[in-house]
Every structure is written in C-alpha cells, then in structure tokens.
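Engineer: Quick one: this structure, given as structure tokens, is what I'll be asking you about.
The values are calculated or read from the model by the stated rules, or taken from the named source; none is laboratory data. Being a predicted model, the structure only gives us computed values, none of them experimental. Cβ coordinates were reconstructed from backbone atoms using ideal geometry, including for glycine residues, and neighbour counts include every protein chain displayed. Remember, those area values only see protein heavy atoms, side chains included, never the ligands or the DNA or RNA. Shrake-Rupley method; radii C 1.70, N 1.55, O 1.52, S 1.80 Å.
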Amino acid sequence: MSVVVTLPTVEDTHAFGRRLARVLRAGDLLLLTGPLGAGKTALTRGIGAGLGVHGDVTSPTFVIARVHRPDPARGGTVALVHADAYRLGDASDPRAEIDDLDLDASVDDSVTVVEWGEGLVEQLVDAHLRVRVDRRDDDTRVVELEPAGGDWADRITALA
Ligand SMILES: Nc1ncnc2c1ncn2[C@@H]1O[C@H](COP(=O)(O)OP(=O)(O)OP(=O)(O)O)[C@@H](O)[C@H]1O
Ligand SMILES: [Mg+2]
C-alpha cells in the first residue's frame with residue numbers, strides 16, 4: 001500500500017523530508033524517481049536536515065555521490081549518502097560506474113538516497129522504498145511512497 005502526499009511549496013517538500021527522516025535508519029535505501037526538476041533533491045535536502053547531517057544537499061555537477069556525515073550537534077547519528085545517477089544515463093556500462101561508487105561499502109551504516117537510480121541500485125539491499133516525485137500543472141508536487149519489501153509498508157503508515 002502506497003502513501004501519497006501533496007506538497008504545494010518547496011518548504012512543504014522540505015518539511016515532508018524531515019518527517020520521512022524520522023522513520024529512517026542505517027541500512028535504508030531510498031530510490032527517488034520522477035522527471036527533471038520534480039523536487040527529488042529538494043526532498044533529499046529535507047531528509048538531510050531531519051537526519052541532522054553536515055553539509056548542504058545539492059545537485060552534484062561532477063560528483064555523482066556525496067557522503068554527508070552526521071552532525072552530533074544537530075542530533076545526527078547516521079550518515080546520508082546522496083547519489084545522482086542522471087549522468088550515467090549515457091554511460092556504456094552504467095552498472096559498472098555504480099559499482100565504482102562503492103555504495104555497497106557504506107549502505108549498511110548509512111541512509112542511501114539515489115536519484116535516477118532505477119534499475120541500477122536495487123540489488124544493494126533486500127528491500128527499499130521507492131519515492132516517486134511528480135510536478136503537477138499548478139506547480140504543486142505529489143510524492144508517492146511505495147514500499148518494496150522489508151517492513152517499509154509498516155514504517156510509512158505514520159506518514160500518510
Ligand atoms: N512543492 C515543491 N517541492 C519541491 N520543489 C519545488 C516545489 N515547488 C517549487 N519547487 C522548485 O522546483 C525545483 C526542484 O528542483 P530539484 O533539484 O529538487 O529537482 P530534482 O527532481 O532533483 O531534479 P533533477 O532530476 O534535475 O535532479 C526547485 O527549484 C524548487 O525550488
Ligand atoms: Mg536532483
């Protein structure tokens with residue numbers, strides 16, 4: 001069963017990311033899908049704030065994965081690994097490029113959030129949460145959380 005929320009402004013999206021962060025823990029994988037400019041990075045920024053990690057969550061220009069370490073002063077205990085595989089769309093062997101990021105080395109100890117990673121990173125862990133972000137004509141965003149295995153279905157009920 002999926003959870004669908006409507007987010008009128010970018011502040012609402014940040015706030016939803018912070019709420020989502022409360023149910024997250026080390027070992028989690030979030031697969032963010034949806035078109036360019038939908039708000040995947042904006043949502044990840046809220047998740048980073050909720051987790052209390054260091055550094056601004058941005059759209060990486062060259063780097064495709066960035067580790068944000070927990071900031072104890074902000075209550076952070078777990079790192080956020082934020083990857084954006086968009087630029088791998090043209091790579092001849094995107095899977096090999098993903099392997100080079102060594103996400104499997106950090107996945108157990110971090111919350112891993114991947115944009116444009118469909119078909120590339122699902123095998124990192126047994127279960128993941130699919131997060132679909134869409135932009136409506138009136139510019140509001142709709143976020144759909146779709147559990148894929150594990151206890152995700154139970155964990156997201158609080159977010160409905
Ligand atoms: N309700 C909203 N939620 C999220 N972003 C919004 C909203 N309303 C407006 N925006 C704007 O839309 C843009 C979303 O950009 P963002 O980089 O988060 O998208 P993205 O899905 O990560 O795109 P890309 O696929 O290029 O990485 C930002 O400029 C943000 O300010
Ligand atoms: Mg982005």
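Engineer: Multiply the residue separation of residue 151 and residue 127 by 0.36 nm, subtract the distance between their alpha-carbon atoms, and state the gained length in nm to one decimal.
Structural biologist: Extra length from residue 151 to residue 127 when fully extended: 7.8 nm.
Engineer: Which of the trypsin sites (Lys or Arg not before Pro) found in the range 65-160 are in a DSSP loop and have at most 13 neighbouring Cβ atoms, other than their own, within 10 Å?
Structural biologist: Hits after loop and neighbour filter: 136.
Engineer: Using a basic spin-label model with each label point 7 Å from the Cα along Cα→Cβ, how many nm lie between residue 22 and residue 54?
Structural biologist: Once both label points are built, they end up 2.8 nm from each other.
Engineer: Now a separate question. Rounded to the nearest 10 Å², what accessible area does residue 54 show when all protein chains are kept and the probe is 1.4 Å?
Structural biologist: Residue 54 has an accessible surface of roughly 90 Å² with all protein chains in place.
Engineer: Can you classify the range 77-142 as rounded, prolate or oblate using the Cα gyration tensor, where a ≥ b ≥ c are the square roots of its eigenvalues, rounded means a/c under 1.5, and otherwise it's prolate if a/b beats b/c and oblate if not?
Structural biologist: Verdict is oblate for the range 77-142.
Engineer: To the nearest µm²/s, what D does Stokes-Einstein give for the range 17-132 at 10 °C and 1.306 mPa s, using the Kirkwood radius over alpha carbon pairs as Rh?
Structural biologist: Working: Rh = 14.0 Å.
Answer from the Stokes-Einstein relation: 114 µm²/s.
Engineer: Sticking with this structure for a sec: For the range 27-32, just list the computed ³J(HN,Hα) in residue order, Karplus coefficients 6.51, -1.76 and 1.60, θ = phi - 60°, integers in Hz, with x standing in for Gly and Pro.
Structural biologist: x, 7, 10, 10, 9, 9
Engineer: Please list, in order along the range 89-102, the HN-Hα scalar couplings obtained from phi with the Karplus expression 6.51 cos²θ - 1.76 cosθ + 1.60 (θ = phi - 60°), rounded to whole Hz, x for Gly and Pro.
Structural biologist: 3J(HN,Hα) across the range 89-102, in whole Hz: x, 9, 5, 5, 9, x, 4, 5, 5, 5, 4, 5, 6, 6.
Engineer: Below 8 Å, C-alpha to C-alpha, sequence gap of six or more: please give me the relative contact order for the range 1-114 in percent.
Structural biologist: 30 percent.
Engineer: Given the DSSP H assignment, sum -39500 (n - 2.57) over each helix run of at least 4 residues in the chain and divide by its residue total; what's the result at 222 nm in deg cm²/dmol, nearest 500?
Structural biologist: It lands at -6500 deg cm²/dmol.
Engineer: Here's another thing I want to ask about it. Sequence-distant or interchain residues sharing an amide H contact under 5 Å with residue 130, placed H: which?
Structural biologist: Amide H to amide H, under 5 Å and 5 or more residues apart or across chains, residue 130 pairs with 31, 146, 148.
Engineer: Right, something else. List the GluC sites (Glu not before Pro) in the range 51-160 that DSSP assigns to loop (not H, G, I, E or B) and whose Cβ has at most 15 other Cβ atoms within 10 Å. Which are they?
Structural biologist: 118
Engineer: Additional query: Take every DSSP beta bridge with both residues inside the range 1-158 and express the antiparallel ones as a percent of the total, to the nearest 5.
Structural biologist: Beta bridges within the range 1-158, antiparallel portion: roughly 55 percent.
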